[in-house]
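Participant: Let me give you the structure first, and then I'll get to my questions.
The values are calculated or read from the model by the stated rules, or taken from the named source; none is laboratory data. None of the values given here were measured: they were computed from a predicted structure. Virtual Cβ from ideal backbone geometry, glycine too; neighbours counted across all protein chains shown.
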Amino acid sequence: MKKLILLCLIFSIGHVYAYSASLTNFNGIHKNNNSVVDSLPDVFAKNHADFLESKLRNEAIIKFGTHQLPDNPEDWVKYRTNLRKTIIQKTGLVVNHSLPLDIKETGSIQMKGYRIKNIAFQTRPGVYATANLYIPDGKGPFPAVITMPGHWRKAKFDPEGPQHLGHSLALDGYVCLSIDPWGSGERTTVHGAFDYHGTSLGASLLNVGESLAGFQISDNIRGIDLLSSLPYVDPKNIGATGASGGGNQTMWLAAMDERVKAAVPVVSVGTFESYVMRSNCICELLPDGLTFTEEAGIIALIAPRAIMMCNHKQDSAPAFLPFEMQRTVSNALPVFKMLGVEKNITYQVFDKTHGYWPENREAMLGWFDLHLKGIGTGMPKKESAFELLPEEKLLVYPIGKRNPGVQTTAEFCEKRGKELRTAFLSSGNLDALEKQKELRAILRINERSELKKAHQFASLSGWDRFALETSDNKLIPILHLAPSDPKLGYMIISNTSGKKGISAELISELKRKGRGIVIVELSGTGESTSSKEIANNKSMVLHTLSRSELWLGKTILGEWVKELNVVTDFLKSNYKAQKLSIDGNKEAGIAALFLAATGGNVDDIIMRDAPLSYQFDSGGSLDFFSMAIHLPGFLNWGDVSLAAGLSGKQIRIVNPVSMSGQKISGNSLNEYQTEFAKMRTKLKRQGETVFN
């Protein structure tokens, strides 16, 4: 209590009352009260369309229509050079051909006509990938194929798909490298627990300036390095193939590494437009991709080399349906024609479900025979019978005895995050204006969202109801209750669960104090939720929306900052609001902080259950925050303490947590208090951050 009294003395008398009312009296208020929840009316008409999906799909459709490839060789050379550079920048792709492969062989299996080696090899300094290497009997040199398993649960040796490819290719005279994708197979968080490499785990790479797609491309380029180094491989005849996520990797690898002579992506090529508000993995995300290219541009990068796409009529993923693939082929084909290699791009459509089926493998064998062996016509070839092996024979390391060099996503993010935070905290003076500018760039706030029209509806249960129509075609639903005295100002409340997540006690206390109340449901929450997001949401909250915004060059948090800014502008212009506070939980609290840090019109902030740092930790739950929390390159920029310092505002963080939702207290909390205070001093900004 003494601390709060001393804090209040810093401010003017008028400010003291407002600050104590808004920040002091609501500590620990988290529980819902159904009577209050039931009394909060909806704003939009019932059975309204999916505003969010419609908006983002329309943006993606426009992007598709505006991305066109050059129609002459001179411009094409410039375009492809710039496109490759941009892909490297956006994905964090690392290419290091001089790094020693340091191949470690842990086992060998002799099969009839070929043998299999269980190996690990170095893909980045100190980072190793696990793989199976299938080698035909004989001296060679043999053509070779790298296979990328995609999302099969057991990756390289999954008996449902990837393992088939190794046996089939080896029996047909190809060396085959089947590599575990980053975060999959033997590269999962717990060795032997074959979990999914996407959602918040894979997205955590974004916070340290990396991407799951970039890691996979880097790994696969090193796979080509490995194949090219083997004396029994013909380095001039190397192919690539995979299905679903593995087909996606096939496309990216062939586009970025010209040593891939022929590629066969299966059930994976569609359009980037079709990825928006559809169900895809974070490993298939090219950050900001639709701001500078479409999938046709990536396919065209493979020219003049050969590519055959296989898509299925019964595919459950709309983005990979034959129609979407054909749209991309029609736009990439002119580049192949321009280079005189029209026959090097083709596709086949099968009446199959999602998968890499025998019919696909036979089409693949015929295509590779033509382009890697120079035999046949490219038509499907009957595959030889083979025997599948149990997983224990194809493991590089016995379960629980994995080499530490096989880093997991969690290990990498934690290590890299600590390195970035150490560098950030030891930095000298900071240019506040420059850091604000950089934060806006990270949030992808490229332009301000303006209030276009405030649609007012009949009041219900004492609440004024508005839908704020914005200049960027959004509708923001808000509930409004005027203050008893204009001097008391407004508390803007935003909850990631929508208005039903707001506590009864908070509303009651604000009413008792006479504060004005505005309840806003940000994009993806409450009435602003997308029905498509809910339908697709089988793995992570805001999974679909997060990826879609990033494809379009935006972030959820950046959009929320813009929406909160529209709300504050509305209150200032329509109600002459003299003081504006924001109370937000989890990511909504972070959005409020970023609004203040980028110069938004807010006086003080309450953040509930918010992270004190973007440092990765695995002690709690990776699902504590939604996918909205992740920001490309945030820890390369700074951390939450820097944003708090930039704000120059009064901030109270109630129940501070880590990125996995673990409560921060004791010595750890003291260290963060010191960090936040030092950052204010370094930036020469006013205000204070208080923790409860």
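Participant: Which of the following residues is within 30 Å of the chain's Cα centre (by Cα), acidic (Asp, Glu) and either at pLDDT below 95 or not assigned by TED's automatic domain parsing to the domain that holds Val329 (or both): Asp42, Asp38, Asp50?
Facilitator: Working: Asp42 fails: within 30 Å of the chain's Cα centre (by Cα); Asp38 fails: within 30 Å of the chain's Cα centre (by Cα).
Selected residue: Asp50, the only one of Asp42, Asp38, Asp50 that is within 30 Å of the chain's Cα centre (by Cα), acidic (Asp, Glu) and either at pLDDT below 95 or not assigned by TED's automatic domain parsing to the domain that holds Val329 (or both).
Participant: Within the stretch 228-255, can you find the residues that are surrounded by fewer than 23 Cβ atoms within 10 Å (Cβ to Cβ) and outside any strand (DSSP E or B)?
Facilitator: Scanning the stretch 228-255 gives Ser228, Ser229, Leu230, Pro231, Tyr232.
Participant: Specify the residue that is surrounded by the most Cβ atoms within 10 Å (Cβ to Cβ); the eligible residues are those in the stretch 312-341 that are touching an Asp or Glu at 6+ places or on another chain (Cβ under 6 Å), closer than 22 Å to Ala243 by Cα and not polar (S, T, N, Q).
Facilitator: The first filter runs over the stretch 312-341 and keeps only residues touching an Asp or Glu at 6+ places or on another chain (Cβ under 6 Å), leaving 313, 321, 328, 336.
Still in the list and also closer than 22 Å to Ala243 by Cα: 313, 321, 328.
If we keep only those that are not polar (S, T, N, Q) too, we end up with 313, 321.
Details: Lys313: 12, Leu321: 19.
Residue satisfying both the conditions and the ranking: Leu321.
Participant: Taking the conditions exactly as written (in a loop (DSSP other than H, G, I, E, B), under 23 Å from Tyr275 (Cα atoms) and more than 26 Å from the chain's Cα centre (by Cα)), does Gln314 satisfy them or not?
Facilitator: Yes; evaluated as a whole, the condition is true for this residue.
Participant: Another question, then. Pick from the stretch 565-597 the residues that are within 23 Å of the chain's Cα centre (by Cα) and not small (Gly, Ala, Ser): which of them is nearest to Lys663 (Cα to Cα)?
Facilitator: Restricting to residues being within 23 Å of the chain's Cα centre (by Cα) and not small (Gly, Ala, Ser), the top hit is Lys586.
To keep it simple, each residue is scored yes or no on (1) surrounded by 18 or more Cβ atoms within 10 Å (Cβ to Cβ); (2) closer than 29 Å to His48 by Cα.
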{"position": "Leu451", "(1), (2)": "no, yes"}
{"position": "Ser459", "(1), (2)": "no, yes"}
{"position": "Arg465", "(1), (2)": "yes, yes"}
{"position": "Asp472", "(1), (2)": "no, yes"}
{"position": "Ile476", "(1), (2)": "yes, yes"}
{"position": "Asn495", "(1), (2)": "yes, yes"}
{"position": "Gly498", "(1), (2)": "yes, yes"}
{"position": "Leu510", "(1), (2)": "yes, no"}
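Conditions (1) out of contact with any strand residue (DSSP E or B) (no Cβ under 7 Å at 6 or more places or on another chain); (2) aromatic (Phe, Trp, Tyr); (3) crowded, with 21+ Cβ neighbours inside 10 Å; (4) assigned by TED's automatic domain parsing to the domain that holds Phe625, marked per residue:
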| position | (1), (2), (3), (4) |
| --- | --- |
| Glu469 | no, no, no, no |
| His480 | no, no, yes, yes |
| Ser484 | yes, no, no, yes |
| Met491 | no, no, yes, yes |
| Ser546 | yes, no, yes, yes |
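Participant: Scan the stretch 343-389 for residues that are in contact with a His (Cβ under 6 Å, 6 or more places away or on another chain) and of a type outside the set (Phe, Trp, Tyr) and jot them down.
Facilitator: Of everything in the stretch 343-389, just one residue is in contact with a His (Cβ under 6 Å, 6 or more places away or on another chain) and of a type outside the set (Phe, Trp, Tyr), namely Lys352.
Participant: Quick check on my filter: what residues within the stretch 367-387 are within 19 Å of Tyr134 (Cα to Cα) and out of contact with any helix residue (DSSP H, G or I) (no Cβ under 6 Å at 6 or more places or on another chain)?
Facilitator: Once the filter is applied, which keeps residues that are within 19 Å of Tyr134 (Cα to Cα) and out of contact with any helix residue (DSSP H, G or I) (no Cβ under 6 Å at 6 or more places or on another chain), the stretch 367-387 yields Phe368, Asp369, Leu372, Lys373, Ala385, Glu387.
Participant: Name every residue in the stretch 601-644 that is at pLDDT 95 or above, out of contact with any strand residue (DSSP E or B) (no Cβ under 9 Å at 6 or more places or on another chain) and of a type in the set (Asp, Glu), in order of residue number.
Facilitator: Hit for the stretch 601-644 is Asp639, nothing else.
Participant: Would you mention how many residues in the stretch 526-558 are touching a residue at least 40 places away in the same chain (Cβ under 8 Å) and either within 11 Å of the chain's Cα centre (by Cα) or part of a helix (DSSP H, G or I) (or both)?
Facilitator: Number of matching residues: 21.
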